[in-house]
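Read the structure below first, then the notes.
The values are calculated or read from the model by the stated rules, or taken from the named source; none is laboratory data. Values in this document were obtained by computation on a predicted structure and should not be read as measured data. Cβ placement follows ideal geometry from the backbone for every residue including glycine, while neighbour counts extend to all protein chains displayed. Side chains included, ligands, DNA and RNA excluded: accessible areas come from the protein's heavy atoms. Shrake-Rupley method; radii C 1.70, N 1.55, O 1.52, S 1.80 Å.
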Amino acid sequence: MSEVLARGLIAGAVGVAAMTLAEKLEQAFTKRPNSYVPAHTLERLLGLPHRPDHERLLLNWAMHWGQGIALGAVRALMAQRGYRGPVGSFLYLNLRLLNDQTLENATGVGAPPWTWPVDEQVIDLLHKAIYAYATGAAADRLIEGSQGQT
């Protein structure tokens, strides 16, 4: 079990790297600024004092990478149990979205996605889908399990 979870952390890192690259490419074209929602969320979860965004880069990366890497363990367990391929990654995408929204809204940092502008909804879904499918592809390669898709 510990080997599966460790491989899941690797798969999660692959997914976060793919999502981060996609975000930076998208931002180069759209000129959309960096989001500090991950930092604000972690700040609230840890009960840290409020600081300006320019002082939050480390917190931002810790939450961005930490959350994605940690959730990779779940995708590895899914792969081991036969939830593999595109269907497994689609199910996992929903878990990732639910995790983000739960933490962001429970801490008062975020707002429900249906209140966002449509372009922001599309961008968020696209980036989380890249994360989910890259994590899934890595987990499916790293984890032995049922070869059938569920």
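Whole number in Å², please: accessible area per residue of segment 12-136, 1.4 Å probe, ligands, DNA and RNA not counted.
Averaged over the residues of segment 12-136, the accessible area is 52 Å².
Under a 1.4 angstrom probe, counting protein chains only, how are THR107, THR41, THR102 ranked by accessible area, largest first?
Reading off the accessible areas and sorting them downward yields THR102, THR107, THR41.
Provide, for q = 0.26 Å⁻¹, the log10 of I(q)/I(0) from a solvent-free Debye sum over equal Cα point scatterers in segment 52-116.
Ignoring solvent entirely, the Cα scatterers give -1.12.
With springs only between Cα atoms under 10 Å, which of ALA129, ALA79, ALA62 fluctuates most in a Gaussian network model of the chain?
For the chain, modelled as a Gaussian network with Cα springs under 10 Å, the answer is ALA62.
Counting other Cβ atoms within 10 Å of each Cβ, which trypsin sites (Lys or Arg not before Pro) in segment 1-75 have at most 14 and sit in a DSSP loop?
LYS31
Looking at segment 50-150, which chymotrypsin sites (Phe, Trp or Tyr not before Pro) are DSSP coil and have at most 15 other C-beta atoms within 10 Å of their C-beta?
none
Cα-based Rg of the chain per 2.2 N^0.38 Å, rounded to two decimals?
Working it through for the chain, the quotient is 1.07.
Given the -39500 (n - 2.57) contribution per DSSP H run of 4+ residues, what per-residue ellipticity at 222 nm results for the chain, rounded to the nearest 500 deg cm²/dmol?
-25500 deg cm²/dmol
So what is the diffusion coefficient of segment 76-150 in µm² per second by Stokes-Einstein at 4 °C and 1.567 mPa s, using a Kirkwood Rh over Cα pairs?
D = 98 µm²/s.
Can you tell me which of LEU97, LEU46, LEU58 moves the most in a GNM of the chain? Springs connect C-alpha atoms under 10 Å apart.
Judging by the Gaussian network model, the answer is LEU46.
Using θ = phi - 60° and the Karplus curve 6.51 cos²θ - 1.76 cosθ + 1.60, what whole-Hz ³J(HN,Hα) does each residue of segment 70-87 get, with Gly and Pro shown as x?
Result, ordered by residue: 4, 5, x, 4, 5, 5, 5, 4, 4, 4, 4, 8, x, 8, 10, x, x, 5 Hz.
Using θ = phi - 60° and the Karplus form 6.51 cos²θ - 1.76 cosθ + 1.60, what ³J(HN,Hα) does each residue of segment 119-130 get, whole Hz, x for Gly and Pro?
4, 5, 4, 4, 4, 5, 4, 4, 5, 5, 5, 4
Build a GNM of the chain with springs between Cα atoms under 10 Å: which of ASP100, ASP140, ASP119 gets the top mean-square fluctuation?
For the chain, modelled as a Gaussian network with Cα springs under 10 Å, the answer is ASP119.
Per the 1.4 Å probe, what fraction of the accessible area of the chain, in percent, lies on carbon and sulfur atoms?
Roughly 68 percent, rounded to a whole number.
Relative to the present Cα-Cα distance, how much length would full extension add between GLU120 and THR102 at 0.36 nm per residue of separation?
Length gained, GLU120 through THR102: 4.7 nm.
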